[in-house]
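Notes follow once the structure below has been shown.
Just so it is clear, none of the values below were taken in a lab; they were calculated from the coordinates. On a predicted model such as this, the values are computed, not experimentally measured, just so you know. Virtual Cβ from ideal backbone geometry, glycine too; neighbours counted across all protein chains shown.
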Amino acid sequence: MPDPRISIFEGDITRIKVDAIVNAANSSLLGGGGVDGAIHRAAGPQLLEECRGLGGCPTGEARITHGYRLPAKWVIHAVGPVWRGGSHGEEALLASCYRRSLELADQAHAQSVAFPSISTGIFGFPKERAAVIALETCAAFLANNHSLEKVVFCCFDPDSVEAHRRALDHLGNPPP
Ligand code: ADP
């Protein structure tokens, strides 16, 4: 049985009413395209202001800011790996993004968190594999955490929804 706190949603992460949304940021934390651009547009200029003070963030790590005009109180900026063929530690770095984001959410006493599919846009990480890493890392974290009540995987397209559904169905059952 998958953890009932995990759900999959198709749509725009900037509209979700959760305590914290995760941003797929780049290491400058100074904004970019894709979901990063959408989050900065929706949050307003104060978000960039706060990000400027953070001095960047290494790949595999995350930083937390306020959500400003977003419905979410917090934005957790996670820096996913650029896909370079798979032999440059990409999988471990992606897992680390999810884990560090959940740790920051928990420290901020957030009870609900929404993730985009980190690294699967401009950064080119294969969607199917990214979904498995996302679901497995979050399920493992939740198994030892009783404060977080809800983790939403916010998918922006039907392919991504399917990849996350399959990963959720197969949690804990490695393919033969
Ligand atoms: P990265 O650089 O980490 O690959 P992208 O923003 O290019 O980040 O893409 C990450 C994922 O976010 C992609 O699957 C993309 O389709 C998705 N995405 C883009 N805009 C939004 C949005 N407004 N809400 C949720 N997901 C989004």
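If I take every Cα pair under 8 Å that is 6 or more residues apart in the chain, average their sequence separation and divide by the length, what percent do I get for the relative contact order?
Computed over the chain, the figure is 29 percent.
How tilted is helix 34-43 with respect to the longest principal axis of the chain? Cα atoms for both, answer in degrees (0 to 90, nearest 10).
Value to nearest ten degrees: 50.
By how many degrees, between 0 and 90 and to the nearest 10, does the Cα long axis of helix 127-143 differ from the longest principal axis of the chain?
That works out to roughly 90 degrees.
To check you understand DSSP bridge types, tell me what percent of the beta bridges within the chain (both residues inside) are antiparallel, rounded to 5.
If we restrict to bridges inside the chain, about 25 percent are antiparallel.
Output ³J(HN,Hα) for the stretch 111-122: one whole-Hz value per residue in order, computed from phi by the Karplus curve 6.51 cos²θ - 1.76 cosθ + 1.60 with θ = phi - 60°, and x for Gly and Pro.
Each residue of the stretch 111-122 in turn: 9, 9, 9, 10, 10, x, 7, 4, 6, 8, x, 4 Hz.
Based on DSSP H runs of at least 4 residues, each adding -39500 (n - 2.57), what is the mean residue ellipticity at 222 nm of the chain after dividing by all its residues, to the nearest 500 deg cm²/dmol?
-11500 deg cm²/dmol
Which is farthest toward the positive dipole end of the stretch 6-169 among LEU148, LEU29, SER112, measuring Cα position about the Cα centre, with Cβ charges +1 (Lys, Arg) and -1 (Asp, Glu)?
Going by the Cα projections, it comes out as LEU29.
What do you get for the angle between helix 158-169 and the principal long axis of the chain? Use alpha-carbon atoms, 0 to 90 degrees, nearest ten.
Relative to the chain, helix 158-169 is tipped by roughly 50 degrees.
Which cross-chain or sequence-distant (5 or more) residues have an amide H under 5 Å from the amide H of VAL18, H modelled 1.01 Å from N in plane?
ALA72
Determine, for PHE141, PHE9, PHE125, the number of other Cβ atoms within 10 Å of each Cβ, and report the residues in order from fewest to most.
With the fewest neighbours first, PHE141, PHE9, PHE125 line up as PHE9, PHE141, PHE125.
Counting Lys and Arg as +1 and Asp and Glu as -1, each charge on the Cβ, what is the dipole of the stretch 50-176 about the Cα centre in debye, to the nearest 20?
Charge dipole of the stretch 50-176: 300 debye, to the nearest 20.
Is the stretch 6-169 best put as rounded, prolate or oblate by its Cα gyration tensor, with a ≥ b ≥ c the root eigenvalues, rounded for a/c under 1.5, and otherwise prolate when a/b is larger than b/c, oblate when not?
rounded
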